[in-house]
1. Determine the shape class of the range 14-55: with a ≥ b ≥ c the square roots of the Cα gyration tensor eigenvalues, call it rounded for a/c under 1.5, and otherwise prolate if a/b is greater than b/c, oblate otherwise.
2. Taking a ≥ b ≥ c as the square roots of the eigenvalues of the Cα gyration tensor of the range 1-83, is the shape rounded (a/c under 1.5), prolate (a/b larger than b/c) or oblate?
3. Report in % the part of the accessible area of the range 1-67 that belongs to carbon and sulfur, leaving out ligands and nucleic acids; probe 1.4 Å.
4. Report the full-extension gain for the segment residue 47 to residue 63: residue separation times 0.36 nm, less the Cα-Cα distance, to one decimal in nm.
Amino acid sequence: MCKHILNAQVSIRAPCCKKWFDCSECHAEAETHRLAKTTEMAFMCKKCKKAFRKDMANYEESDEFCPHCDNHYVIEAKTPLAVVGVEGEDARVDNRMLKDERVKQTKNRSIFAQDGIEDRIG
């Protein structure tokens, strides 16, 4: 499963090392050499699990579909986005870090509070 492209429809076979990868970035992370360029690419459809070849020099719009199951594999890639969140335990189990806006918050009273001190001193 590719962590760079979330909706990858095919795997590519690297012509340099003859291994299957979900994207070129996966190849760059796993191997020490660069991905070799070629005009004929080998793909494996993730829907029907069958391999096929495409000539990239004569690539047409009809070549965007798997020849076995007609899965449209040339689609806009969905990449993971950085998310800022609260680190902690599951909020469903321990919700002490969450503030409920519906409940009126009580103000903590203390003998050391500085608000309204000039009225009390005289």
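1. Taking the square roots of the gyration eigenvalues as a ≥ b ≥ c, the range 14-55 is oblate.
2. It comes out oblate by the Cα gyration axes.
3. Numbers: 2300 of 4570 Å².
Carbon with sulfur: 50 percent of the solvent-accessible area.
4. Gain on extension, residue 47 to residue 63, equals 4.1 nm.
The values are calculated or read from the model by the stated rules, or taken from the named source; none is laboratory data. Predicted model, so just to flag it, every value in this text is computed and none were measured. What goes into the accessible areas is simple: the full protein's heavy atoms, side chains included, and nothing from ligands, DNA or RNA. Shrake-Rupley method; radii C 1.70, N 1.55, O 1.52, S 1.80 Å.
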